[in-house]
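Worksheet for the structure shown next.
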Amino acid sequence: MPSNGDVPMNILFNGESRQVRDEITIAELLEELTLDPRRVAVEVNLELAPRDLHGESILNEGDQLEVVTLVGGG
């Protein structure tokens, strides 16, 4: 029997619709997008997602993510 993880779901990522696999975590999504988790801030449904919880924060159908890349400099 196939796991639910094989079923795609829809999220809104930086204002654009995106299909991701079911039961994906924030950390897994960032890895798939080759984004360094140390260099981004992630908001899910208008709430800041603490970096130390990205590995256990599972996304749900219809979630709205905003990912902002942090840039240092002076």
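Please report, as a whole percent, how much of the solvent-accessible surface of the chain comes from carbon and sulfur atoms (probe radius 1.4 Å). Can you show the working numbers first?
Details: 2560 of 5210 Å².
In the chain, the share of accessible area belonging to carbon and sulfur is 49 percent.
A 1.4 Å probe run over the chain, with the rest of the protein chains in place, finds 70 Å² accessible per residue.
Quick check: net charge around residue 12, other residues with Cβ under 13 Å of its Cβ, Lys/Arg +1 and Asp/Glu -1? Working shown, then result.
On the way: positive: 18; negative: 16, 43, 61, 63, 66.
So the environment of residue 12 carries a net charge of -4.
Placing one equal scatterer on every Cα of the chain and applying the Debye formula, the log10 ratio I(q)/I(0) at q = 0.13, 0.25, 0.27 Å⁻¹ is -0.37, -1.24, -1.41.
The values are calculated or read from the model by the stated rules, or taken from the named source; none is laboratory data. Everything quoted here is computed from the prediction, not taken from an experiment. As a convention, Cβ positions derive from the backbone with ideal geometry for all residues, glycine included, and neighbour counts pool all protein chains shown. With ligands, DNA and RNA removed, areas are computed over all heavy atoms of the protein, side chains included. Shrake-Rupley method; radii C 1.70, N 1.55, O 1.52, S 1.80 Å.
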